[in-house]
Amino acid sequence: MAKRPREIVYTDELLADGTVHRRYDEGRSEWRTRAPDGSVRWRDDRGRSGTDEPLGDRLVKRTHDDGGVEYGRDIGYGRTVWDGGARVTVNRAAATAPGARLRAGRGLGALGPGLLPPTRLTPEEEERLRAAYRAEQRGERGERGERGEGGDAGVGAVLVVDAWTGTSDADWSEDFG
């Protein structure tokens, strides 16, 4: 039987200076600033800092300023899977929406290989994913006529409002948690 991932719930608050203060239920805080290229610079209350970069296939690359890299995968409903499925960050706005916990929770018991983020990528793989993300942002259609790679929030998805722009997570990259 697969181990259920540890859920870490967070809340975002837009500050007057345009940054977002993210508070995690485990006591951590981050201050996040969106760059023009769509990436997010962050620093936390424990002296760590880095950049979150959206990639194609609903992946997020988190690069720590100390050189560490980790990947997350947005699985919808305001949830991002990290650490090979060991933890899931959850946007509180999504977690408290009517029916969201029930619908999203069904898939968290045993995260399948298609939902798990990679543990590492080659520079070539990362560049292919960046190109896919850029194409997705331009609204280009893939081979099957879909909007980009994962450009749809999915049937019955709970839309989460982005703290910076007021947009929904139908464009998943606005939130990457």
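Below, the figures for the structure above:
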read-out: Heavy atoms of V9: accessible area, 1.4 Å probe, square angstrom to 10; value: 20
read-out: Förster-model FRET efficiency, 35 Å R0, K3 and R134, C-beta, rounded to 0.05; value: 0.45
read-out: Amide H contacts under 5 Å for G56, placed H, 5+ residues apart; value: R130, A132, Y133
read-out: Area of E13 that stays accessible when all protein chains are in place (1.4 Å probe, Å², to 10); value: 80
read-out: Vicinal HN-Hα couplings computed from phi for region 66-79 (Karplus, 6.51 cos²θ - 1.76 cosθ + 1.60; Hz; Gly/Pro x); value: 7, x, x, 9, 9, 10, x, 10, 6, 10, x, 6, x, 10
read-out: Rounded to whole Hz, the Karplus (6.51, -1.76, 1.60) HN-Hα couplings of region 14-25, x for glycine and proline; value: 6, 9, 4, 7, x, 7, 10, 9, 9, 10, 9, 5
read-out: For E124, solvent-accessible area (1.4 Å; no DNA, RNA or ligand), Å²; value: 110
read-out: Spacing of the two label points (7 Å from each Cα toward its C-beta) at D44 and D25, in nm; value: 1.7
read-out: Candidate residues L129, L59: accessible-area rank, largest first, probe 1.4 Å; value: L129, L59
read-out: Cut-off under 5 Å, modelled amide H: who pairs with I75 long-range; value: T80, V81
read-out: List R92, R22, R34, R43, ordered by accessible area with a 1.4 Å probe, largest first; value: R43, R92, R34, R22
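The values are calculated or read from the model by the stated rules, or taken from the named source; none is laboratory data. What you see is a predicted model, and the numbers here were worked out from it, not measured in a lab. Because the Cβ atoms are built from the backbone with ideal geometry, glycine has one as well, and the counts that use them run over all protein chains shown. Heavy atoms of the whole protein, side chains included, go into the accessibility calculation; ligands, DNA and RNA do not. Shrake-Rupley method; radii C 1.70, N 1.55, O 1.52, S 1.80 Å.
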